[in-house]
Amino acid sequence: MRFIESWIPATLVATRDLTPSIRELLIRPESFDGAIYPVGGHINVAVTIDGRPETRSYSLVGEADRGGYRIAVRRAEDTRGGSRYMWSLAPGARLSITLPASLLQIDWARRHYCLIAGGIGITPLVGAAQVLARRDADFTLHYAVPSREQAAYLDVLTPLLNERLIVHVGNEGRRLNFDNLFASLPPDALTMLCGPMRMLDAARRAWDSAGRTVSDLRYETFGSSGSLPTEGFRVRFVDRNLEIEIPSDRSLLDVLNESGCEVIADCRRGECGVCAIDIIKIDGELDHRDVFFSAPQKRANEKICACVSRARGTITVDIRHRPDAL
């Protein structure tokens, strides 16, 4: 497995509300020595949803923090309950977390950088902006939000970046145009993006249309974001007389394993493809929320990443023979 987790005890030290829907949490592991964590890093947090133990992943905010690990959580009612749990915590709460790991790393050999954040996607890019500014690199940060009231960390980024920060505010008529942005970038620019799935899909289409190198666009997205509303759906099996319900607050992966249909998994973020299962029939619509499959593979609707992707209606799957997705 590529994602090896080391769990450690920790304490929630402090919270503060950045916006009406985004809360920052400072978490200090036991025996914390103030070590600098990797830019673009994240930690996993053990949560309890309706009495069940589950795991959620959160990006670390900032280049480093001597006080502990700083994360920001958007309160979302239409997800699987992780944000509600995190918002219910008060300072002093005991937690179990993993050591930081980085999935959105900076290539220091580049001369030009473009950072793009959508909403809460700003969290892993605050640290990237800080370290690029400290190194006096050639870069810009494009921050897309529905309104300024929903823009976290503007108080940190504005004085640090000045003209290198470009805020695209939807209700002010300033929307981010990927075609224009990518056409303006130098040929060797590295673009790093974090945002919801709709934003990522639009960015990848514009990137391909611009004829840019695929590896020069690096991204993260949210496992809870998709093109369809989060709702329950049903799963049938090609080899057995069984139909199960996937509630709106549970993942396909967790319900399959709970039902005795063992599906191995690794990252649980829609990035590695280990949990991909075969789709035989669709009576409804698939909502691919992973970043593992390419756009043509998603259009083919032959496989689904069980950890994050969902459906509307009923799907028939085959989990008898699952070749290594890697």
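Points worth noting:
- Dipole of the stretch 32-97, positive direction: furthest Cα of Y37, Y69, M86, with charges on the beta-carbon: M86
- Set of the stretch 264-287 residues, backbone N closer than 16 Å to the point 7 Å along the Cα-Cβ line of E231: 283-287
- Cα-centred dipole magnitude for the stretch 6-161, charges only on beta-carbon of K, R (+1) and D, E (-1), debye, nearest 20: 100 debye
- Its DSSP H runs of at least 4 residues, each contributing -39,500 (n - 2.57), put the calculated 222 nm mean residue ellipticity of the chain at -5000 deg cm²/dmol, to the nearest 500.
- Within the chain, the longest run free of exposed loop sites, counting trypsin sites (Lys or Arg not before Pro) that sit outside DSSP helix and strand states (H, G, I, E, B) and have at most 13 other Cβ atoms within 10 Å, spans 176-319.
- Of the residues A203, V167, I319, the one whose Cα sits farthest towards the positive end of the charge dipole of the chain is V167 (charges of +1 on Lys and Arg Cβ, -1 on Asp and Glu Cβ, taken about the Cα centre).
- The stretch 106-120 residues near the modelled D17 label - backbone nitrogen below 14 Å, point 7 Å along Cα→Cβ: none
- Within the chain, antiparallel bridges make up roughly 65 percent of the DSSP beta bridges whose residues both belong there.
- For A276, nonlocal amide neighbours, meaning residues 5 or more places apart or on other chains whose placed amide H falls under 5 Å from its own, are A306.
- Per residue value of the accessible surface for the stretch 169-326 (all protein chains in place, 1.4 Å probe), Å²: 46 Å²
- Pairwise Cα distances in the stretch 103-202 exceed 22 Å for 23 percent of all pairs.
- Treating each Cα of the stretch 1-131 as an identical point scatterer and summing with the Debye formula, the log10 of I(q)/I(0) at q = 0.09, 0.22 Å⁻¹ comes to -0.26, -1.48.
- Working from label points 7 Å from Cα in the Cα-to-Cβ sense, the N241 to D318 distance is 2.2 nm.
- For the stretch 141-281, the fraction of C-alpha pairs farther apart than 24 angstrom is 49 percent.
- Pairs of Cα atoms farther than 19 Å apart, the stretch 209-326, %: 44 percent
- Size of electric dipole in the chain: Cβ of Lys, Arg +1 and of Asp, Glu -1, about Cα centre, debye, nearest 20: 260 debye
The values are calculated or read from the model by the stated rules, or taken from the named source; none is laboratory data. Quick caveat: nothing in here was measured; it's all calculated off a predicted structure. Quick reminder, even Gly has a Cβ in these numbers, built from the backbone with ideal geometry, and neighbours come from all protein chains shown. When the accessible area is computed, the model is the full protein with side chains, heavy atoms only, and any ligands, DNA or RNA have been set aside. Shrake-Rupley method; radii C 1.70, N 1.55, O 1.52, S 1.80 Å.
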